[in-house]
Amino acid sequence: MMTAAQMRAARALLGLDQRQLAEMSGLSLPTIQRMEASEGNVRGVVDTLTRVVEALDRAGVELIGEGALSPAGGRGVRFKEAAKESARESAPRRD
(Lines give C-alpha, C1' and ligand atoms only; values in the text may rest on other atoms or scores of the structure.)
Protein backbone atom coordinates (compact mmCIF):
# COMPACT_ATOMS: atom_id res chain seq x y z
CA MET A 1 0.00 0.00 0.00
CA MET A 2 1.06 3.55 -0.70
CA THR A 3 -0.58 6.67 0.65
CA ALA A 4 -1.11 9.84 -1.35
CA ALA A 5 1.08 11.67 1.16
CA GLN A 6 3.91 9.16 0.61
CA MET A 7 3.61 9.62 -3.12
CA ARG A 8 3.80 13.42 -2.86
CA ALA A 9 6.67 13.22 -0.38
CA ALA A 10 8.63 10.80 -2.57
CA ARG A 11 8.17 13.13 -5.53
CA ALA A 12 9.30 16.12 -3.46
CA LEU A 13 12.34 14.23 -2.19
CA LEU A 14 13.36 13.53 -5.78
CA GLY A 15 12.54 17.06 -6.95
CA LEU A 16 10.04 15.77 -9.51
CA ASP A 17 6.82 17.34 -10.66
CA GLN A 18 3.74 15.29 -11.43
CA ARG A 19 4.43 15.32 -15.17
CA GLN A 20 7.93 13.89 -14.66
CA LEU A 21 6.60 11.09 -12.46
CA ALA A 22 3.94 10.33 -15.05
CA GLU A 23 6.63 10.02 -17.74
CA MET A 24 8.88 7.87 -15.54
CA SER A 25 6.05 5.48 -14.73
CA GLY A 26 4.50 5.44 -18.20
CA LEU A 27 1.20 6.79 -16.89
CA SER A 28 -0.85 9.85 -17.79
CA LEU A 29 -0.62 13.11 -15.86
CA PRO A 30 -4.33 12.93 -14.87
CA THR A 31 -3.72 9.45 -13.40
CA ILE A 32 -0.88 10.76 -11.21
CA GLN A 33 -3.02 13.75 -10.20
CA ARG A 34 -5.94 11.48 -9.23
CA MET A 35 -3.66 9.20 -7.24
CA GLU A 36 -2.15 12.10 -5.30
CA ALA A 37 -5.57 13.62 -4.62
CA SER A 38 -6.70 10.42 -2.84
CA GLU A 39 -7.49 10.43 0.85
CA GLY A 40 -5.30 7.95 2.72
CA ASN A 41 -4.22 4.92 0.70
CA VAL A 42 -3.95 5.41 -3.04
CA ARG A 43 -6.60 3.39 -4.81
CA GLY A 44 -6.20 2.11 -8.30
CA VAL A 45 -5.43 -0.79 -10.55
CA VAL A 46 -2.61 -2.93 -9.13
CA ASP A 47 -0.56 -2.52 -12.33
CA THR A 48 -0.83 1.28 -12.08
CA LEU A 49 0.27 1.32 -8.43
CA THR A 50 3.12 -1.06 -9.23
CA ARG A 51 4.35 1.17 -12.05
CA VAL A 52 4.53 4.20 -9.74
CA VAL A 53 6.29 2.27 -6.95
CA GLU A 54 8.79 0.82 -9.43
CA ALA A 55 9.48 4.26 -10.96
CA LEU A 56 10.14 5.72 -7.50
CA ASP A 57 12.33 2.73 -6.64
CA ARG A 58 14.41 3.17 -9.82
CA ALA A 59 14.81 6.84 -8.95
CA GLY A 60 16.17 5.89 -5.51
CA VAL A 61 13.24 6.21 -3.12
CA GLU A 62 12.06 3.38 -0.86
CA LEU A 63 8.48 3.53 0.41
CA ILE A 64 8.25 2.40 4.02
CA GLY A 65 5.00 0.76 5.11
CA GLU A 66 3.24 1.47 8.41
CA GLY A 67 5.29 -0.04 11.23
CA ALA A 68 7.91 -1.43 8.83
CA LEU A 69 11.62 -1.24 9.49
CA SER A 70 14.04 0.18 6.97
CA PRO A 71 16.96 -2.26 7.20
CA ALA A 72 18.78 -0.70 4.25
CA GLY A 73 19.40 2.41 6.34
CA GLY A 74 19.79 5.78 4.71
CA ARG A 75 17.94 8.98 5.30
CA GLY A 76 14.19 9.18 5.38
CA VAL A 77 11.15 10.89 6.81
CA ARG A 78 8.24 9.40 8.67
CA PHE A 79 5.60 10.68 11.06
CA LYS A 80 5.93 9.95 14.74
CA GLU A 81 2.61 8.64 16.01
CA ALA A 82 1.96 11.72 18.18
CA ALA A 83 2.76 14.06 15.28
CA LYS A 84 0.39 12.17 12.99
CA GLU A 85 -2.50 12.57 15.44
CA SER A 86 -1.64 16.24 16.01
CA ALA A 87 -1.57 16.91 12.26
CA ARG A 88 -4.99 15.31 11.85
CA GLU A 89 -6.46 17.40 14.67
CA SER A 90 -5.13 20.70 13.28
CA ALA A 91 -6.06 20.00 9.66
CA PRO A 92 -8.89 22.17 8.36
CA ARG A 93 -12.23 20.41 8.08
CA ARG A 94 -13.91 20.01 4.71
CA ASP A 95 -17.67 20.12 5.22
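Sorted by accessible area (1.4 Å probe), largest first, how do Val52, Val46 line up?
These residues rank, largest area first, as Val46, Val52.
Across segment 1-70, what fraction of all alpha-carbon pairs, as a whole percent, falls in each successive 10 Å bin from zero upward?
Histogram of Cα-Cα distances, whole percents per bin: 22, 62, 16, 1.
What whole-number value in Å² describes the accessible area per residue of segment 1-43 for a 1.4 Å probe?
58 Å²
The values are calculated or read from the model by the stated rules, or taken from the named source; none is laboratory data. In this text the structure is predicted, and so the values were computed from the model without any measurement. Ligands, DNA and RNA are excluded from the accessible area calculation, which covers all protein heavy atoms including side chains. Shrake-Rupley method; radii C 1.70, N 1.55, O 1.52, S 1.80 Å.
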